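A short worksheet on the structure shown next.
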Ligand code: PLP
């Protein structure tokens, strides 16, 4: 990231922490295979064990419950694919890495983007107890809306269901207690908290059995075979350790985000801001400028040195219709004009000033074009 870019796309990825990059490089230089018994192997194993403790500590799980993966996508696939034989009930606003997997039911959400508990209960009532896996994310990547996961887990467990939670966006941006949430499986990703890309974890509650994502050398308790991504895991450990100590600092970011929204409202009082009526991550805001396509806005921001995103464009650079906003009942012409702005702990007031200046200019031009096309009175 160059210093001249106002980076406001933390939900796509957070810039790597220097400390995490240093730890990754140091681990890469160890040179041993963590499965080897000699000294270099033991050093590599020690680095993985330390990272496992740090990642467990971030979500208050046990180190032995952490299974390292290649990221959130693989953790999600392992959770849903590893629960064979169960009906998979997922919320309608899950990340594509969940929705693209086979599932039997989609639970609707309210206009604020919160899972409809009555509908979930209806689904669970309609099937025999103990036959279901429920997957609901902790915080949505597009709107930041936080789901009532502990309530969902309580309801699902009453029906003998297993509960998976995609905590990829929430982890590192809010305090998470795996036991208090009482979920069985939880997905994490390092690069959303300043760790390296391509590494993540599935937290598997002690006593919960999932089938192996990959078989072979028996690494990761036999659940995910293959020589571990030592450098990535070491970097993840450092990022998780630091993120754990920073949780309180996000309240400053919430103030910055709220101030940003207030300034946008001052310019456009009827600005649609999605999920604003629900609890949200401190760093996320998703709003629309009806009449101006979101890809046009993103390009205009980019040309002005401001990095924002069109919804969940972190998946492949593509800009497709937002299934999240559709599930919230947002009309297509409005959601096609929605952008996501996501802040980080390093975001300062100057970056927000730049965003607002560019947004106001895009809007001024759009209003001028619309006025030029008005039929003369
Ligand atoms: N789940 C959510 C909610 C996400 O936002 C993302 C990434 O954007 C993922 C899963 C996928 O994580 P990864 O990029 O580590 O595969």
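The values are calculated or read from the model by the stated rules, or taken from the named source; none is laboratory data. Nothing here was measured: the structure is a model prediction, and the numbers come from that model. All Cβ positions, even for glycine, are placed from backbone atoms using ideal geometry, and neighbour counts span all protein chains on display.
For residue 326, indicate whether it is free of Cβ contacts under 8 Å to residues at least 12 places away in the same chain, farther than 21 Å from residue 192 by Cα, surrounded by fewer than 22 Cβ atoms within 10 Å (Cβ to Cβ) and in contact with a helix residue (DSSP H, G or I) (Cβ under 7 Å, 6 or more places away or on another chain).
Against the criterion (free of Cβ contacts under 8 Å to residues at least 12 places away in the same chain, farther than 21 Å from residue 192 by Cα, surrounded by fewer than 22 Cβ atoms within 10 Å (Cβ to Cβ) and in contact with a helix residue (DSSP H, G or I) (Cβ under 7 Å, 6 or more places away or on another chain)), residue 326 qualifies.
Here is a list: 215, 199, 204. Which entry is buried (at least 24 other Cβ atoms within 10 Å of the Cβ) and away from the ligand (no atom under 16 Å from the Cβ)?
Of the residues listed, the single one that is buried (at least 24 other Cβ atoms within 10 Å of the Cβ) and away from the ligand (no atom under 16 Å from the Cβ) is 204.
Can you find even one residue in the stretch 344-361 that is assigned to a helix (DSSP H, G or I) and either within 16 Å of the ligand (Cβ to nearest atom) or modelled with pLDDT under 95 (or both)?
No - not one qualifying residue is present in the stretch 344-361.
Residues in the stretch 33-40: is at least one within 16 Å of the ligand (Cβ to nearest atom) and either within 26 Å of residue 208 (Cβ to Cβ) or assigned to a loop (DSSP other than H, G, I, E, B) (or both)?
Going through the stretch 33-40, the residues within 16 Å of the ligand (Cβ to nearest atom) turn out to be none.
Scanning the stretch 33-40 turns up no residue that is within 16 Å of the ligand (Cβ to nearest atom) and either within 26 Å of residue 208 (Cβ to Cβ) or assigned to a loop (DSSP other than H, G, I, E, B) (or both).
Yes/no per residue for (1) touching a helix residue (DSSP H, G or I) at 6+ places or on another chain (Cβ under 6 Å); (2) modelled with pLDDT under 95:
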residue	(1), (2)
23	yes, no
39	no, no
43	no, no
65	no, no
86	no, yes
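Counting only residues that are part of a strand (DSSP E or B) and either under 16 Å from the mean Cα position of the chain (by Cα) or within 8 Å of the ligand (Cβ to nearest atom) (or both), which one in the stretch 71-100 is surrounded by the fewest Cβ atoms within 10 Å (Cβ to Cβ)?
90
Return the residues of the stretch 101-115 that are farther than 26 Å from residue 12 by Cβ and either near the ligand (Cβ under 9 Å from one of its atoms) or touching a residue at least 60 places away in the same chain (Cβ under 8 Å) (or both); say none if nothing qualifies.
Hit for the stretch 101-115 is 108, nothing else.
Answer with yes or no whether residue 59 is within 28 Å of residue 327 (Cβ to Cβ), at pLDDT 95 or above and over 18 Å from the mean Cα position of the chain (by Cα). Show your work before the answer.
Details: within 28 Å of residue 327 (Cβ to Cβ): yes; at pLDDT 95 or above: yes; over 18 Å from the mean Cα position of the chain (by Cα): no.
When the stated conditions are applied, residue 59 does not pass them.
For the stretch 240-247, check the following and say yes or no: at least one residue is surrounded by 22 or more Cβ atoms within 10 Å (Cβ to Cβ) and not in a loop (DSSP other than H, G, I, E, B).
The answer is yes; a qualifying residue exists.
From the residues in the stretch 128-153 that are closer than 24 Å to residue 327 by Cα and more than 14 Å from the ligand (Cβ to nearest atom), which one is surrounded by the most Cβ atoms within 10 Å (Cβ to Cβ)?
134
Applying the selection to the stretch 277-286, what residues are surrounded by fewer than 23 Cβ atoms within 10 Å (Cβ to Cβ) and under 18 Å from the mean Cα position of the chain (by Cα)?
278, 279, 282
Within the set of pairs 6+ apart or on separate chains, which have a first residue in the stretch 47-70 that is surrounded by fewer than 22 Cβ atoms within 10 Å (Cβ to Cβ), a second that is in a helix (DSSP H, G or I) and modelled with pLDDT under 95, and C-beta atoms under 9 Å apart?
Going by the 9 Å Cβ cut-off, the qualifying pairs are 64/221.
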